[in-house]
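> A single structure is presented below for examination.
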Amino acid sequence: MDGRWIIGDPGRPGGGAWVEFREEGMCAHARDSSTELIPWSRIMLGMGVVVGAKYPGRGEQVTVLGMLAGLRGPLQGKRGGYLHMTVRHPYEDRQIFFDRHPHWYPVADLVFLEALLSDLVAEGEIHRLADTAWLDRAIGGLPPLKTMTTSSTMRELVARATERETA
């Protein structure tokens, strides 16, 4: 992946689905080896992150299927997740699938990822995801997130992550 950041599991036996952050946009790699590039300029109105079902309940980041796939047993590592977003030209809602790794996805980490993505979209800075040095600095020094992190603390952590570039 040339050091690029990805979401998903490209190393899955038989082929996986993942999203790669490139200079020109988000590249969605499907299990059938097809790819789709969504230019950064098309992404608008924040971004949702869900592990489990395609259409979760309101405010859910991890559905029941997403939780079960993080536990040991026959469902471990099964299913996947989705990035939900609205794009323009033409306007449409999009769900991009990614395969999950066979480990637990902490809910606080998913909430932070969603908050970071949404903040970058709102600030017109979503293209920064392609800058691996910036992204490493932005999230590299963050403390481990707690399950019960409040929304105000999450906002502070996102603000801290996004201002690392000027530090």
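> Under unit Cβ charges (Lys, Arg +1; Asp, Glu -1), what dipole magnitude, rounded to 20 debye, does segment 88-167 have relative to its Cα centre?
Approximately 180 debye in magnitude.
> Okay, next question. Tell me the carbon and sulfur percent of the accessible area for segment 77-128, rounded to whole percent, probe radius 1.4 Å.
53 percent
> Using the heavy atoms of the protein chains alone and a 1.4 angstrom probe, what is the accessible area of segment 103-149 per residue in square angstrom?
I get 53 Å² per residue for segment 103-149.
> Segment 99-155: Rg/Rh from Cα coordinates, Kirkwood Rh?
Result: Rg/Rh = 0.98.
> Now a separate question. What is the packing order of peptides 85-94, 120-129, taking the mean over residues of other C-beta atoms within 10 Å and listing the highest first?
My ranking of the peptides, most packed first, is 120-129, 85-94.
> For segment 5-54, run through the trypsin sites (Lys or Arg not before Pro) and keep only the ones in DSSP coil with at most 14 other Cβ atoms within 10 Å of their Cβ.
Counting only loop positions with at most 14 other Cβ atoms within 10 Å, the trypsin sites (Lys or Arg not before Pro) in segment 5-54 are Arg31, Lys54.
The values are calculated or read from the model by the stated rules, or taken from the named source; none is laboratory data. The shown structure was predicted, so the numbers you read here are calculated from the model rather than taken from an experiment. Don't worry about glycine lacking a Cβ; one is built from the backbone with ideal geometry, like all the others, and counts go over all protein chains shown. Remember, those area values only see protein heavy atoms, side chains included, never the ligands or the DNA or RNA. Shrake-Rupley method; radii C 1.70, N 1.55, O 1.52, S 1.80 Å.
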